[in-house]
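K.L.:
Here's a structure for you.
The values are calculated or read from the model by the stated rules, or taken from the named source; none is laboratory data. The model shown is predicted, which means the values in this text are computed figures rather than measured ones. Here Cβ is always computed from backbone atoms with ideal geometry, including for glycine, and neighbour counts include all displayed protein chains.
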Amino acid sequence: MTCKEGLRSVFGQMDQLLEQLSDEAYAMPLPLFEGSSLGQHFRHIINFAECLLRDFREGQPVDYAARHRDPSLERQPRQARAAIARLVRQMDEVP
């Protein structure tokens, strides 16, 4: 499995779960995540992937500290789904 195939698989699983969650369930703090929400974890994954793809396209070393953090991604599953769809389209443009 290539890196792109692995990412596509993970994003597909995330999208399937997001499709089933309400805003409230997605943003709910969970003891399993030490008080963080599933939305916070998904936002973290999405923002890291955005940073990776951006820096790769620009031919820059990947600088995860320079990532843009979008808090709407941790509160609204539909926003996270849209971001995932954008990431998959962007990955398709990478050789």
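K.L.:
Only one of (1) in contact with a Leu (Cβ under 6 Å, 6 or more places away or on another chain); (2) crowded, with 18+ Cβ neighbours inside 10 Å; (3) closer than 21 Å to Glu5 by Cβ is not met by Gln79, so which one is it?
P.N.:
With respect to (1) in contact with a Leu (Cβ under 6 Å, 6 or more places away or on another chain); (2) crowded, with 18+ Cβ neighbours inside 10 Å; (3) closer than 21 Å to Glu5 by Cβ, Gln79 is out only on (3).
K.L.:
Please go through (1) in contact with a His (Cβ under 7 Å, 6 or more places away or on another chain); (2) surrounded by 14 or more Cβ atoms within 10 Å (Cβ to Cβ) for Phe33 and return the number of the only condition it doesn't satisfy.
P.N.:
Here Phe33 clears every test but (2).
K.L.:
State all residues of the stretch 53-95 that are among the β-branched types (Val, Ile, Thr) and touching a residue at least 40 places away in the same chain (Cβ under 8 Å); if no residue qualifies, say none.
P.N.:
Scanning the stretch 53-95 gives Ile84, Val88, Val94.
K.L.:
Would you check if Phe42 is out of contact with any strand residue (DSSP E or B) (no Cβ under 9 Å at 6 or more places or on another chain), closer than 20 Å to Gln13 by Cα, surrounded by fewer than 18 Cβ atoms within 10 Å (Cβ to Cβ) and not acidic (Asp, Glu)? If you could, list the steps in order and put the result at the bottom.
P.N.:
On the way: out of contact with any strand residue (DSSP E or B) (no Cβ under 9 Å at 6 or more places or on another chain): yes; closer than 20 Å to Gln13 by Cα: yes; surrounded by fewer than 18 Cβ atoms within 10 Å (Cβ to Cβ): no; not acidic (Asp, Glu): yes.
No: the conditions fail for Phe42.
K.L.:
Next question. Would you point out the residue of the stretch 68-95, among those that are among the charged types (D, E, K, R) and assigned to a loop (DSSP other than H, G, I, E, B), that is modelled with the highest pLDDT?
P.N.:
Filtering the stretch 68-95 for residues that are among the charged types (D, E, K, R) and assigned to a loop (DSSP other than H, G, I, E, B), the one modelled with the highest pLDDT comes out as Arg75.
K.L.:
Does Ser37 satisfy being small (Gly, Ala, Ser), without any contact (Cβ under 8 Å) to a residue 40 or more places away in the chain and in contact with a helix residue (DSSP H, G or I) (Cβ under 6 Å, 6 or more places away or on another chain)?
P.N.:
Yes.
K.L.:
Let me ask something else. On the basis of being in a helix (DSSP H, G or I), without any contact (Cβ under 8 Å) to a residue 24 or more places away in the chain and either surrounded by fewer than 17 Cβ atoms within 10 Å (Cβ to Cβ) or within 13 Å of the chain's Cα centre (by Cα) (or both), does Gly12 make the cut?
P.N.:
It is true that Gly12 is in a helix (DSSP H, G or I), without any contact (Cβ under 8 Å) to a residue 24 or more places away in the chain and either surrounded by fewer than 17 Cβ atoms within 10 Å (Cβ to Cβ) or within 13 Å of the chain's Cα centre (by Cα) (or both).
K.L.:
Within the stretch 18-67, restricting attention to residues that are at pLDDT below 90 and among the acidic types (Asp, Glu), which residue is farthest from Met91 (Cα to Cα)?
P.N.:
For the stretch 18-67, the residue satisfying everything is Asp63.
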